[in-house]
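What follows is a short report on a single structure.
The values are calculated or read from the model by the stated rules, or taken from the named source; none is laboratory data. If you're wondering where the values come from, they're calculated on a predicted model, not measured in any experiment. Note that we place each Cβ from the backbone using ideal geometry, even for glycine, and neighbour counts take in every protein chain shown. Surface accessibility is based on the protein's heavy atoms, side chains included, excluding ligands, DNA and RNA. Shrake-Rupley method; radii C 1.70, N 1.55, O 1.52, S 1.80 Å.
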Amino acid sequence: MLRLLLSAQASAARLSGLLLLPPVQPCCLGPSKWGDQPPGGGLHAGPVQGLQRLLEQARSPGELLRWLGQNPTKVRAHHYPVALRRLGQLLGSQPRPPPVEQATLQDLSQLIIRNCPSFDIHTIHVCLHLAVLLGFPSDGPLMCALEQERRFRLPPKPPPTLQPVLHGGQRLEAALSCPHFLRRPRQHLIRSLAEARPEELTPHVMVLLAQHLARHRLREPQLLEAIAHFLVVQEAQLSSKVVQKLVLPFGRLNYLPLEQQFMPCLERILAREAGVAPLATVNILMSLCQLRCLPFRALHFVFSPGFINHISGTPHAFIVRRYLSLLDTAVELELPGYRGPRLPRRQQVPIFPQPLITDRARCKYSHKDIVAEGLRQLLGEEKYRQDLTVPPGYCTDFLLCVSSSGAVLPVRTQDPFLPYPPRSCPQGQAASQSTTHDPAQRVVLMLRERWHFCRDGQVLLGSRALRERHLGLMGYQLLPLPFEELESQRGLPQLKSYLRQKLQALGLRWGPEGG
């Protein structure tokens, strides 16, 4: 059978594959039980390589077998792949290969079968590959022996690990701890929360949930209401350091919960914990500032000289002063009824003196550059300012100075800043009631990028809404540029037409296009 297989039935394509195989190198096949030595070294290096050359130059299958059988002390594991490869070359080098004696093939097979337990895994793979190309039957003794040795050398499979059955809070915690959780449907998160028993919803689990919602801008009312209810129920057991993390998503996502005890609960926690953790206290107030729910009693405490002196020597003094400056701005603009202490002028610092981190991180996705080019060609470079920080420290995208008649003025000829605090209202009165004696208006073009919104794309994030609210209260006229409208513009000509329509809708006019 083997004679027919290797003579009449062996295909030319299969044998030509053998001719294309590179020579087998002994150093690539790894060590064997016969104590292989690397080429050029060791006691038997010369005879071993001499035998390989004899096998590579053999002129018939019989000669191959003779070299292997007559030199048992010189044969190494890598010589058998060399012999199989040479056999394929002998059969494929002639148009009509001569039939091979069955005894020759059987003897070669027996030699390989007898010695394959000493082969390393690479040598076994090479022999299997060559035997398949030569046409040895898959159920024959040679293929079976080589395949058995290959399986013996496979690493044992570890027993399957039994996944613990997770319920309720455990499943919610496991899901939130997974780095790929954002790919999971939100209903999975809601279902896990609904199935959890009250005792399974620990502060750690709820903090993970709050951080996940805030980080990924997920404004999910059902989940946010669950966090608010947990905060109210567990009020006595929660420290301000935990509460600051639970409250974070409400301010960031601009969501005031329906839970009626939410604000009274936070006021009691602030009254109890304000002196224990200053940074946590200010963080909670920052979230409430975004929601326009600042409690007067807590403001009295953080603006007191004792609190300010206490935080001055702490490592986080600068960030606390920045947050206190923002809180003072909110008091100035939004709380006309507040009559308590304020942050001293010498302690105030710019709130956001540069674009926010998210804008800097995603600048390559922003529309700011193309809008700037559109304004340059439409108005001219001298008639707008980009990334200008106005008192008390809000960074604007683009600012225009406009006369009372609607003409866009060169910015260098005007003071681009409106006075802060507003001149017409004494400290503590709302700036919404202010009027200015400056005849020039300040128009701020506000880019509303996709990441400025919650993930649903409908509600501005709390920090963005706060900035726009405060700029409007200070007297700046805002012109929002939503991302949906910007993304629909195809090229600079369309964008210029879009900007022209936006500016003209405000009654602005200007000279010929610059640039």
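One table, with the values for the structure above:
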{"item": "Enumeration of residues in the stretch 411-424 that are in a loop (DSSP other than H, G, I, E, B) and either open to solvent by less than 20 Å² (accessible area, probe 1.4 Å) or at pLDDT 95 or above (or both)", "result": "Pro416, Leu418, Pro422"}
{"item": "Residue in the stretch 445-460 that is out of contact with any strand residue (DSSP E or B) (no Cβ under 9 Å at 6 or more places or on another chain), among the basic types (Lys, Arg), open to solvent by 40 Å² or more (accessible area, probe 1.4 Å) and not in a helix (DSSP H, G or I) present", "result": "yes"}
{"item": "Scope the stretch 148-171; condition charged (D, E, K, R) and either modelled with pLDDT under 85 or surrounded by 13 or more Cβ atoms within 10 Å (Cβ to Cβ) (or both); matching residues", "result": "Glu149, Arg150, Arg153, Lys157, Arg171"}
{"item": "Residues that are surrounded by fewer than 18 Cβ atoms within 10 Å (Cβ to Cβ) and either among the hydrophobic types (A, V, I, L, M, F, W, C) or modelled with pLDDT under 95 (or both), drawn from the stretch 280-293", "result": "Cys293"}
{"item": "Conditions (1) under 12 Å from Tyr80 (Cβ atoms); (2) open to solvent by 20 Å² or more (accessible area, probe 1.4 Å); (3) hydrophobic (A, V, I, L, M, F, W, C): number failed by Leu142", "result": "(2)"}
{"item": "Residue in the stretch 252-263 that is surrounded by 15 or more Cβ atoms within 10 Å (Cβ to Cβ), among the hydroxyl-bearing types (Ser, Thr, Tyr) and part of a helix (DSSP H, G or I) present", "result": "no"}
{"item": "Complete set of residues in the stretch 228-241 that are in a helix (DSSP H, G or I) and either surrounded by fewer than 21 Cβ atoms within 10 Å (Cβ to Cβ) or without any contact (Cβ under 8 Å) to a residue 24 or more places away in the chain (or both)", "result": "His229, Val232, Val233, Glu235, Ala236, Gln237, Lys241"}
{"item": "Test: residue in the stretch 93-113 that is modelled with pLDDT of 80 or more, surrounded by 12 or more Cβ atoms within 10 Å (Cβ to Cβ) and over 22 Å from Ala145 (Cα atoms)", "result": "no"}
{"item": "Given (1) touching a strand residue (DSSP E or B) at 6+ places or on another chain (Cβ under 8 Å); (2) at pLDDT below 90, number of the condition Arg217 does not satisfy", "result": "(2)"}
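Listed here are the residues, each with its yes/no results for (1) closer than 30 Å to Asp397 by Cα; (2) of a type in the set (Ser, Thr, Tyr); (3) modelled with pLDDT under 95; (4) part of a helix (DSSP H, G or I).
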| position | (1), (2), (3), (4) |
| --- | --- |
| Ile311 | no, no, yes, yes |
| Thr314 | no, yes, yes, no |
| Arg322 | yes, no, yes, yes |
| Arg339 | no, no, yes, no |
| Pro350 | yes, no, yes, no |
| Gln354 | yes, no, yes, no |
| Arg360 | yes, no, yes, yes |
| Glu373 | yes, no, no, yes |
